[in-house]
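Colleague: Please see the structure below; I have some questions.
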Amino acid sequence: MIFETSARVSGIDRTNEGRAVLAAAFVLLGCVAAGCGAQGDADDPAATGAVVTATSGAISRANGDEPALSRGGGDPRPPIEVIPVQLVSDLVADGLMHFSIYDATTVGVRIDVTNVGNAPAVGTGGHVVVINSIWGAKLYQYAGGTANPAANTLNPGEHGYLLTFLPNGMLKPCHSYPVNIDFDRSMQAGPIDPFANDQSTSATQCLSWTSPIDGNNFMTVGPPLAGSSLARAISSVDIVRSDGRRCSACHYQNAPGVRYQPPVPQNSTQAIGPYQSINGYSWAQVGGWADQFLQRPTDDTGTVPGAKPSALKNLMQTWIDGDRNLGNAVYGSMPIATGSFSAN
Ligand code: HEC
């Protein structure tokens with residue numbers, strides 16, 4: 001509540017605002033001891049908000065609603081000390097970000113964050129730094145978040161994201177980039193510096209050989225690729241072509257007319273790994289089967305012999321750009337955040 005107020009007072013220096021909240025908290029302590037009523041600096045909206053918030057809780061206890069506070073009548077124990085709760089909204093980057101195509105020149109980027117404070121964070125128009133440039137960003141909660149109304153608010157303890165828009169090509173999959181999640185200090189507030197932990201690195205989505213393919217690691221996901229993986233497609237476990245054929249329909253041991261002949265009987269399934277040598281090449285090596293796959297013509301009708309569907313070629317390129325080129329080591333097992341992407 002108070003930080004919705006604070007967020008609206010955007011002109012106030014954040015440090016002073018923090019002091020105002022602290023000051024209000026100490027005023028309250030004195031009041032509880034002395035039994036006085038609420039006081040506040042009427043000129044300072046933040047301070048007023050703090051006192052009002054605190055009044056409804058702590059002062060009513062001083063009036064005797066709370067049994068622990070009304071010990072008396074010979075109870076030898078010392079009076080209970082009321083420690084006021086200091087409200088802070090504090091966003092921390094989760095270390096993951098995810099981008100997907102927004103329009104011809106722009107990608108929408110979700111930078112995953114958690115509110116580790118105890119008050120809602122509100123971000124209707126903040127700024128983030130990605131690598132070394134500053135971009136407008138808004139805060140969103142993921143599906144299942146409890147902020148209501150949800151607009152640009154993230155409740156304490158919950159995961160959400162900062163949505164920004166960057167030039168297409170600025171980020172690559174499976175790479176880590178420096179980010180500052182609240183450059184102009186407008187989305188967090190509170191007495192203990194919530195901005196100290198705003199600079200960190202976040203890694204983009206990563207498609208490994210075995211990652212289940214979904215909207216978190218592949219931009220143009222849809223049937224039949226969704227839920228499959230490179231491993232399952234290339235091992236002919238799943239049918240990922242619109243013509244209904246497994247890879248092993250045409251690529252099998254000693255198959256005629258193709259150079260890629262994995263050790264699998266026609267139309268069967270056989271696990272194929274990225275470093276496995278097949279007729280002198282692996283999928284992972286530079287110039288290997290992944291690169292040769294990309295050199296085939298593109299066709300989505302399933303009628304051009306030797307052509308490959310565009311979605312499969314995009315998938316292969318995504319793997320090459322990230323996991324393959326990074327040696328399949330650093331990010332291979334990194335967890336991928338889930339959640340819905342909204343570009344508004
Ligand atoms: C309908 C038959 C057919 C299916 C199904 C098929 N391919 Fe091919 N593929 C071909 C043909 C034909 C070529 C071109 C062969 C040539 O000219 O060397 C080719 C070329 C390739 C190449 C380049 C190396 C080569 O042999 O020329 C790779 C790698 C490849 N396909 C992988 C796959 C994978 C992976 C799948 C399954 C997702 C798949 N193909 C499904 C027919 C097919």
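Bear in mind these aren't lab numbers, they're just calculated from the coordinates by the rules spelled out. Predicted model only: the values in this text are computed from it and were never measured. Here Cβ is always computed from backbone atoms with ideal geometry, including for glycine, and neighbour counts include all displayed protein chains.
Colleague: At 0.36 nm per residue, minus the direct Cα-Cα distance, what do GLN292 and ASP103 gain on full extension? Give it in nm, one decimal, please.
Modeller: 65.1 nm
Colleague: May I pose another question? Only four residue types carry charge here, +1 at the Cβ of Lys and Arg and -1 at the Cβ of Asp and Glu. Report the dipole size of region 207-337 about the Cα centre in Debye, rounded to the nearest 20.
Modeller: Roughly 260 debye for region 207-337.
Colleague: While we're looking at this one, here's another question. Could you give the length gained on full extension between ILE239 and GLN261, defined as 0.36 nm per residue of separation minus the Cα-Cα distance, in nm?
Modeller: Full extension from ILE239 to GLN261 adds 6.1 nm.
Colleague: Set the Förster distance to 56 Å, then compute FRET efficiency between THR301 and ASP193 from the Cβ-Cβ distance, nearest 0.05.
Modeller: So the FRET efficiency works out to roughly 0.40.
Colleague: Using the Kirkwood radius over Cα pairs, work out the Stokes-Einstein diffusion coefficient for region 207-337 at 10 °C and 1.306 mPa s, in µm²/s as a whole number.
Modeller: Result for D is 107 µm²/s.
Colleague: Oh, and also: Which order results if HIS159, HIS251, HIS98 are arranged by neighbouring Cβ count within 10 Å, fewest first?
Modeller: Ranking HIS159, HIS251, HIS98 by Cβ neighbours within 10 Å, fewest first, gives HIS159, HIS251, HIS98.
Colleague: Would you mind ranking LEU294, LEU315 so that the residue whose beta carbon has the fewest other beta carbons within 10 Å leads the list?
Modeller: LEU294, LEU315
Colleague: For region 91-203, what are the per-bin percents of Cα-Cα distances with bins 5 Å wide, up to the bin holding the maximum?
Modeller: 2, 13, 24, 26, 18, 11, 4, 1, 0
Colleague: Full extension from GLU81 to ALA226: what is 0.36 nm times the residue separation minus their Cα-Cα distance, to one decimal in nm?
Modeller: So the extension gain works out to 46.5 nm.
Colleague: Take THR124 and GLN276, extend 7 Å from each Cα along the Cα→Cβ direction, and tell me the distance between the two endpoints in nm.
Modeller: For THR124 paired with GLN276, the spin-label model returns 5.7 nm.
Colleague: Would you grab the residues whose amide H sits under 5 Å from the one on ASP94? Only those 5+ places off in sequence or on another chain, please, with H modelled 1.01 Å from N.
Modeller: Result for ASP94 returns ASP112, VAL113, THR114.
Colleague: For region 148-193, what Kirkwood radius comes out of the mean inverse Cα-Cα distance, in Å?
Modeller: 13.8 Å
Colleague: Which one, LEU207, ASN279, ILE234, is farthest towards the positive end of the dipole of region 207-337 when Lys and Arg carry +1 and Asp and Glu -1 on their Cβ?
Modeller: ASN279
Colleague: Arrange MET316, MET170, MET97 by Cβ neighbour counts within 10 Å, fewest through most, would you?
Modeller: MET170, MET316, MET97
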